[in-house]
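The values are calculated or read from the model by the stated rules, or taken from the named source; none is laboratory data. All of these numbers come straight from a predicted model, not from anything done at the bench. Virtual Cβ from ideal backbone geometry, glycine too; neighbours counted across all protein chains shown.
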């Protein structure tokens, strides 16, 4: 087989960016369009919480199962199936006429999207040089921010132009366009760009790992606990911020579409800079531990101003604080996921990413209906307090339980 050039991995990373963009675009379509859907279909706040739970149930299941399957069958096939299935589920949303329909189609969406991030991380390990892993993960994960930046203005415009049913048809169609490009550009490149082409032979063989052995592993448990603690925060951002701006700040749908892209742009910048800065520290110090933890410590510190959101009446200031929080999350999640690949290697990284993602989705699944009750009976303030406190708590957990980020027995011979 003819070997591809040294930078051919960039094409794959670009496609991963688009895939994660589509995953967040398809998730956010409902959070924007629900404002209009509720004019036609009666869905209460608590009911909307349970609709989102349909996504979270299947997402929690498939994050782990998807990670296992992608570790077994590789990123090319895994991502093709994942994106194809969730794009079909997005199309089906156009047929919904009740909260139950939306809940079922969100369940299907979660089944497909569960494999996206484990697949993206696996593709980076398979095809990208080690010294570029954090940057590549930052770009790939940053697609989620790109999708979220595009979603509010695009969905608001399409919603007002063609209606919410056509909106789901259009966004679902984007996924099938990506699928054709992915299968075309990766059809003969796995071997040429695989980890065996860029990694010394002595470290490309891995011991087999069972779920039980992973669940007894301190590093794996630490990553799982951190996602369990933090993921409800970002699900709150995704599912509830449009409603928060509409109800608490009295913004119109058009106004929300005009400003909601700002925090998500900050998220994408955080993803990119988090990867770039971490790789820079690694090249300067040759210390994976310093490279990842310095950036994650900075991220944890700059989430704390969110504690003040409930006491501020200025929409401008609130959006600035949201952008700062999203930027911090971008720094954090890029180095969090790269740390998993640093410790666990190609053999089981997708599985650990999957287990941690499932833990986060389960946590969000439990809390999402509760958020609806809190919003109805009290306010949004408790969620802002939680968002401002828990990243520092998670960082303390990380540095305490994983004193040094380095390869463990799951990534060595």
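Just one of 382, 369 is farther than 25 Å from residue 110 by Cβ and touching a helix residue (DSSP H, G or I) at 6+ places or on another chain (Cβ under 9 Å); which is it? Before the answer, list the steps.
Numbers: 369 fails: farther than 25 Å from residue 110 by Cβ.
Answer to the check: 382.
Among (1) part of a helix (DSSP H, G or I); (2) at pLDDT below 80; (3) surrounded by 19 or more Cβ atoms within 10 Å (Cβ to Cβ), there is one condition residue 244 misses while meeting the rest; what is its number?
Against the list (1) part of a helix (DSSP H, G or I); (2) at pLDDT below 80; (3) surrounded by 19 or more Cβ atoms within 10 Å (Cβ to Cβ), residue 244 comes up short only on (2).
For region 83-92, does any single residue satisfy the condition of being more than 24 Å from residue 242 (Cα to Cα), surrounded by 19 or more Cβ atoms within 10 Å (Cβ to Cβ) and touching a residue at least 40 places away in the same chain (Cβ under 8 Å)?
The answer is yes; a qualifying residue exists.
Residues checked against (1) under 22 Å from residue 135 (Cβ atoms); (2) touching a strand residue (DSSP E or B) at 6+ places or on another chain (Cβ under 6 Å); (3) surrounded by 21 or more Cβ atoms within 10 Å (Cβ to Cβ); (4) free of Cβ contacts under 8 Å to residues at least 24 places away in the same chain:
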site: 310; (1), (2), (3), (4): no, no, no, no
site: 325; (1), (2), (3), (4): no, no, yes, no
site: 330; (1), (2), (3), (4): yes, no, yes, no
site: 341; (1), (2), (3), (4): yes, no, yes, no
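So for region 374-393 (the condition being more than 20 Å from the chain's Cα centre (by Cα), assigned to a helix (DSSP H, G or I), at pLDDT below 85 and farther than 30 Å from residue 248 by Cα), does at least one residue qualify?
No, that holds for no residue.
Applying the selection to region 161-191, what residues are surrounded by fewer than 16 Cβ atoms within 10 Å (Cβ to Cβ), modelled with pLDDT under 80 and in a helix (DSSP H, G or I)?
Selection gives 191 alone.
For residue 219, only one of the following conditions fails: (1) surrounded by fewer than 19 Cβ atoms within 10 Å (Cβ to Cβ); (2) over 25 Å from residue 82 (Cα atoms); (3) at pLDDT 90 or above; (4) in contact with a helix residue (DSSP H, G or I) (Cβ under 6 Å, 6 or more places away or on another chain). What is its number?
For residue 219, the exception is condition (1).
Tell me whether region 296-305 contains one or more residues that are modelled with pLDDT under 90, in contact with a helix residue (DSSP H, G or I) (Cβ under 8 Å, 6 or more places away or on another chain) and under 22 Å from residue 398 (Cα atoms). Before you say what the answer is, go through the steps one by one.
The first filter runs over region 296-305 and keeps only residues modelled with pLDDT under 90, leaving none.
No; the residues of region 296-305 include none that is modelled with pLDDT under 90, in contact with a helix residue (DSSP H, G or I) (Cβ under 8 Å, 6 or more places away or on another chain) and under 22 Å from residue 398 (Cα atoms).
Only one of (1) in a helix (DSSP H, G or I); (2) in contact with a helix residue (DSSP H, G or I) (Cβ under 6 Å, 6 or more places away or on another chain) is not met by residue 249, so which one is it?
(1)
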